[in-house]
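Asks: What follows is a single structure, and I will ask about it in a moment.
The values are calculated or read from the model by the stated rules, or taken from the named source; none is laboratory data. Since this is a predicted model, take the numbers as computed values, not measurements. As a convention, Cβ positions derive from the backbone with ideal geometry for all residues, glycine included, and neighbour counts pool all protein chains shown. We work out accessible area using only protein heavy atoms, side chains counted, and drop any ligands, DNA or RNA first. Shrake-Rupley method; radii C 1.70, N 1.55, O 1.52, S 1.80 Å.
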Amino acid sequence: MTALLRLKDVTRKFGGINAVNGVSLSIEKGEIVSVIGPNGAGKTTLFNLISGFLPVTTGSISVEGRDLAQVPAHKYVQLGIGRTFQNLALFKHGTVVDNILVGRHWQMKTSVIEAALHFGRSRREEIAARERVEEIIEFLEIEHVRDKVVGTLSYGQQKRVELGRALATNPKVLLLDEIVAGMNQEETEDIARFILDIREELGVAILLIEHDMHLVMDISDRVHALNFGRTITEGQPEDVRSHPGVIEAYLGSGGAEQQAGPDHAKATEAAL
Amino acid sequence: MRSGYFKETVAEHINLTDSTLQRIWILIGLIFVVALPFYFGLYGISLITLMAISAIGAMGLNILTGWTGQISLGQTAFMVLGAYAYAISVESWGWPPIIGFALAGIVPAFASVLVGVPSLRLKGLYLAITTLASAFIVNQLVLEFDGLTNGASGIFVNRPTIFGYAFDTDAKLFYLVAFIGLLTVLACLNLRRSRIGRAFIAIRDNDNAARVMGIDLRAYKLYAFMASSFIVGISGALYGIFLSFVTIDGFPLLLAIEALAILIVGGMGSIAGAILGAIFLVGLPEITSAIFGMFGETAKQFLSTGAHEIKGLLYGLVIILFLRLQPHGLMGLWQDAKRAWTLWPLRY
Ligand SMILES: Nc1ncnc2c1ncn2[C@@H]1O[C@H](COP(=O)(O)OP(=O)(O)OP(=O)(O)O)[C@@H](O)[C@H]1O
Ligand SMILES: [Mg+2]
């Protein structure tokens, strides 16, 4: 069976360093897989490779058996790859609605000339897109800011808009890069709920980069741990958490004074 | 207070107007435009015609620079191409003006691909300089192909007759320009609320994110070049008709600076801003000469001998002032005023 998303021996070099080094990973429909690792482990680089931001140096990435090397970067979205960014990457002068609408771009066909005239297909498509966007806005509970310019929103709200924009692309795999970073407990729980609902209702597979260990332990089916671009281990959340290589990677990255113990998920989180 | 905020269907969100009051204002505006020539003498009519032509050109540049974020100084090149496409097809070959106008858009649109392709990877200053070069190249081509263009002597252009109706007076020409201006406004508004307009703005605001959303950056930058040059070309044809004469001297580089200045003054990216900016900047030399006139004959003399230089100076000054004090331009001022009005007497 071909996996929804499969990375085979993927390596990415920047000059002399291997930011990602021989990573293999696969994810099936409806799975939630977390990628963890200390700062600079290569997690975001991994996402950049999967979403076509950067080409791989060696190795291959495929979606439903299709090798991404053959596909231009702007068409990755059509294969079902959606992502959010670690540092917000919204269209900051647009409203919430405008931003999420851009996610519908590839699913619309209106040409420049049709758009300038605005009739027939152009109008029908626009209405259909907006209906979908309204559903997404309602789902993410951001109705009250729907017409606000995104630059004026709080960080947490902007993250939701980014999630909404990614959802609007109708992804099969959703790559979420530290989506709850900087959020409080309540906001984090909301996002966790959204992620579970997205999996439940849409069957979307989710690849999650996360430093919040509680979230990782709560919602992941599997966890993939990286350090210095290499896979340390992959497996059940509990097993990865207690894997000696993982503990060492985190303690080695400046948290050595923290004691590993029953409470060490919390400790590693604090270390980050 | 106006309230067009609550909407019942999704379709209402994409309509251009959302209240009867707004439609009434638009109607009043249109009547005002139609009435304008009755209030002005010949000079006044030619001034408002020039404002309208500049507004069309500025709306064209706005697609490329205001929305897509690609600074261009190639405006003059596409105006020249549009003007010659019209003049050659209509005056030399005797084709109907309506075809001439179509060509005035199509020829620059395709020519802009030639400028666009090599500039796809360029940004900011480098892009500005590359597009500036296109203006020189086009001028050179006009001189080179003198069999077609009549070289430096130019082509005389008559007032057009469209579907049997002769636009032979200055007032009628103004109506023609105003009508084409109205079509331009509608086309721009439609583009703005479509996937195409959103893609342009997405490229400007965050090209990386735009690509992840499936926007082909190269294709869309070219679309922006083409759509922009189409409109700019038509403004060039209108300018040629307005001057009754198409030569490369009629289209100095200053026009490219003026177009950018209009966008900065009006408010980058705003359609209404492009129109307001055009009215303001085209009117500015008039206001200045009126002020100079108050200082007597010598001042007036000075102004008419150095008109071109003074214009350049004024544009530069206005650009600096706006960038420094009101980066959102006249539209920004208007929005501040509107907010103050709706919220008064509250502060926020
Ligand atoms: N475009 C780039 N050019 C050069 N080096 C890069 C580039 N992107 C990432 N790197 C390097 O690759 C390594 C991995 O970075 P990456 O951003 O993937 O880490 P990360 O795991 O996402 O870290 P964090 O938790 O801090 O977000 C780092 O050493 C980084 O400096
Ligand atoms: Mg990262």
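Asks: Looking only at residues in the range A:48-83 that are among the β-branched types (V, I, T) and away from ligand 1 (no atom under 13 Å from the Cβ), which one is farthest from the other protein chains (Cβ to nearest Cβ)?
Replies: So the residue we want is A:T58.
Asks: Separate question: Go through B:L314, B:L325 for me and flag whichever is at pLDDT 80 or above, over 27 Å from B:A187 (Cα atoms), surrounded by fewer than 11 Cβ atoms within 10 Å (Cβ to Cβ) and not β-branched (V, I, T).
Replies: Exactly one residue qualifies, and that residue is B:L325.
Asks: Name the one entry in A:V145, A:V150, A:V173, A:V96 that is surrounded by fewer than 21 Cβ atoms within 10 Å (Cβ to Cβ) and either more than 8 Å from chain B (Cβ to nearest Cβ) or modelled with pLDDT under 95 (or both).
Replies: Among A:V145, A:V150, A:V173, A:V96, only A:V145 is surrounded by fewer than 21 Cβ atoms within 10 Å (Cβ to Cβ) and either more than 8 Å from chain B (Cβ to nearest Cβ) or modelled with pLDDT under 95 (or both).
Asks: Let me ask something additional. So, A:G80, is that one among the small types (G, A, S), more than 16 Å from ligand 2 (Cβ to nearest atom) and more than 18 Å from the chain's Cα centre (by Cα) or not? It would help to see each step written out before you state the result.
Replies: Details: among the small types (G, A, S): yes; more than 16 Å from ligand 2 (Cβ to nearest atom): yes; more than 18 Å from the chain's Cα centre (by Cα): no.
It is false that A:G80 is among the small types (G, A, S), more than 16 Å from ligand 2 (Cβ to nearest atom) and more than 18 Å from the chain's Cα centre (by Cα).
Asks: Given A:L5, A:L25, A:L101, A:L90, which one is away from ligand 1 (no atom under 12 Å from the Cβ), within 29 Å of A:D218 (Cβ to Cβ) and within 14 Å of chain B (Cβ to nearest Cβ)?
Replies: From the options A:L5, A:L25, A:L101, A:L90, the qualifying one is A:L90.
Asks: Just the residues that are within 16 Å of ligand 1 (Cβ to nearest atom), modelled with pLDDT under 95 and open to solvent by 30 Å² or more (accessible area, probe 1.4 Å), please, taken from the range A:28-47.
Replies: Of everything in the range A:28-47, those that are within 16 Å of ligand 1 (Cβ to nearest atom), modelled with pLDDT under 95 and open to solvent by 30 Å² or more (accessible area, probe 1.4 Å) turn out to be A:N39, A:G40.
Asks: Take the residues of the range A:33-44 that are within 24 Å of A:K75 (Cα to Cα) and either β-branched (V, I, T) or within 14 Å of another protein chain (Cβ to nearest Cβ) (or both): which is nearest to ligand 2 (Cβ to nearest atom)?
Replies: Among residues in the range A:33-44 that are within 24 Å of A:K75 (Cα to Cα) and either β-branched (V, I, T) or within 14 Å of another protein chain (Cβ to nearest Cβ) (or both), the one nearest to ligand 2 (Cβ to nearest atom) is A:T44.
Asks: Of all residues in the range A:133-144, how many are within 20 Å of B:A202 (Cα to Cα) and in contact (Cβ under 8 Å) with a residue 40 or more places away in the chain?
Replies: 1
Asks: Output the residues belonging to the range B:107-131 that are surrounded by fewer than 18 Cβ atoms within 10 Å (Cβ to Cβ) and either among the polar types (S, T, N, Q) or in a helix (DSSP H, G or I) (or both).
Replies: Here is the first cut: in the range B:107-131, the residues surrounded by fewer than 18 Cβ atoms within 10 Å (Cβ to Cβ) are B:110, B:113-114, B:117-118, B:120-126, B:129-130.
Once the filter is applied, which keeps residues that are surrounded by fewer than 18 Cβ atoms within 10 Å (Cβ to Cβ) and either among the polar types (S, T, N, Q) or in a helix (DSSP H, G or I) (or both), the range B:107-131 yields B:F110, B:V113, B:L114, B:V117, B:P118, B:G124, B:L125, B:Y126, B:I129, B:T130.
Asks: When you check A:I142 against the structure, is it closer than 28 Å to A:N48 by Cβ and within 13 Å of the chain's Cα centre (by Cα), yes or no?
Replies: For A:I142, the condition - closer than 28 Å to A:N48 by Cβ and within 13 Å of the chain's Cα centre (by Cα) - is not met.
Asks: Further question: Which of the residues that make up the range B:177-191 are of a type outside the set (A, V, I, L, M, F, W, C) and over 13 Å from A:T110 (Cβ atoms)? So that I can check it myself, show each step before the final result.
Replies: Taking the range B:177-191 as the starting set, the residues that turn out to be of a type outside the set (A, V, I, L, M, F, W, C) are B:181, B:184, B:190.
Across the range B:177-191, the qualifying residues are B:G181, B:T184.
Asks: Without any contact (Cβ under 8 Å) to a residue 24 or more places away in the chain and within 13 Å of ligand 2 (Cβ to nearest atom): which single residue out of A:F53, A:F47 fits that description?
Replies: On the way: A:F47 fails: without any contact (Cβ under 8 Å) to a residue 24 or more places away in the chain.
When all the criteria are applied, what remains is A:F53.
Asks: All but one of (1) within 16 Å of ligand 2 (Cβ to nearest atom); (2) under 14 Å from the mean Cα position of the chain (by Cα) hold for A:D212; which doesn't?
Replies: Every condition holds for A:D212 apart from (2).
Asks: Something else: If you scan the range A:49-93, which residues turn out to be aromatic (F, W, Y) and open to solvent by less than 40 Å² (accessible area, probe 1.4 Å)?
Replies: Once the filter is applied, which keeps residues that are aromatic (F, W, Y) and open to solvent by less than 40 Å² (accessible area, probe 1.4 Å), the range A:49-93 yields A:Y76, A:F85, A:F91.
Asks: Still on this structure: For the range B:163-227, which fully contained helices (runs of 4 or more DSSP H) count at least 1 residues that are of a type in the set (F, W, Y), buried (at least 20 other Cβ atoms within 10 Å of the Cβ) and over 16 Å from the mean Cα position of the chain (by Cα)?
Replies: Details: elements: B:170-192, B:195-205, B:207-212.
Hits in the range B:163-227: B:195-205.
Asks: Look at the range A:114-142 and say how many of its residues are at the interface with another protein chain (Cβ under 7 Å from one of its Cβ atoms) and among the aliphatic types (A, V, I, L, M).
Replies: Adding up the residues that qualify gives 4.
Asks: Any idea which residue in the range B:132-162 is least open to solvent (accessible area, probe 1.4 Å), counting only those that are more than 17 Å from B:F245 (Cβ to Cβ), in a helix (DSSP H, G or I) and of a type in the set (S, T, N, Q)?
Replies: B:S134
Asks: If A:D9 meets every condition in (1) surrounded by fewer than 17 Cβ atoms within 10 Å (Cβ to Cβ); (2) within 16 Å of ligand 2 (Cβ to nearest atom) apart from one, which number is that one?
Replies: Going through (1) surrounded by fewer than 17 Cβ atoms within 10 Å (Cβ to Cβ); (2) within 16 Å of ligand 2 (Cβ to nearest atom) one by one, A:D9 breaks only (2).
Asks: Same structure again: Would you check which residues across the range A:104-113 are more than 8 Å from chain B (Cβ to nearest Cβ) and hydrophobic (A, V, I, L, M, F, W, C) and list them?
Replies: If the condition is that a residue be more than 8 Å from chain B (Cβ to nearest Cβ) and hydrophobic (A, V, I, L, M, F, W, C), then A:I113 is the only one that fits.
Asks: Looking only at the range A:153-170, how many residues end up being part of a loop (DSSP other than H, G, I, E, B) and within 9 Å of chain B (Cβ to nearest Cβ)?
Replies: Start the filter on the range A:153-170 by keeping residues that are part of a loop (DSSP other than H, G, I, E, B), which leaves A:153-154, A:169-170.
Next cut, within 9 Å of chain B (Cβ to nearest Cβ) only: A:169.
Counting residues in the range A:153-170 that are part of a loop (DSSP other than H, G, I, E, B) and within 9 Å of chain B (Cβ to nearest Cβ) gives 1.
Asks: Only one of B:I28, B:I106, B:I53, B:I98 is among the hydrophobic types (A, V, I, L, M, F, W, C), on the phi < 0 side of the Ramachandran plot and touching a helix residue (DSSP H, G or I) at 6+ places or on another chain (Cβ under 6 Å). Can you tell me which?
Replies: B:I53 is the lone residue from the list that is among the hydrophobic types (A, V, I, L, M, F, W, C), on the phi < 0 side of the Ramachandran plot and touching a helix residue (DSSP H, G or I) at 6+ places or on another chain (Cβ under 6 Å).
Asks: Restricted to the range A:122-134, and to residues that are among the charged types (D, E, K, R) and within 11 Å of A:V97 (Cα to Cα), which residue is most open to solvent (accessible area, probe 1.4 Å)?
Replies: A:E131
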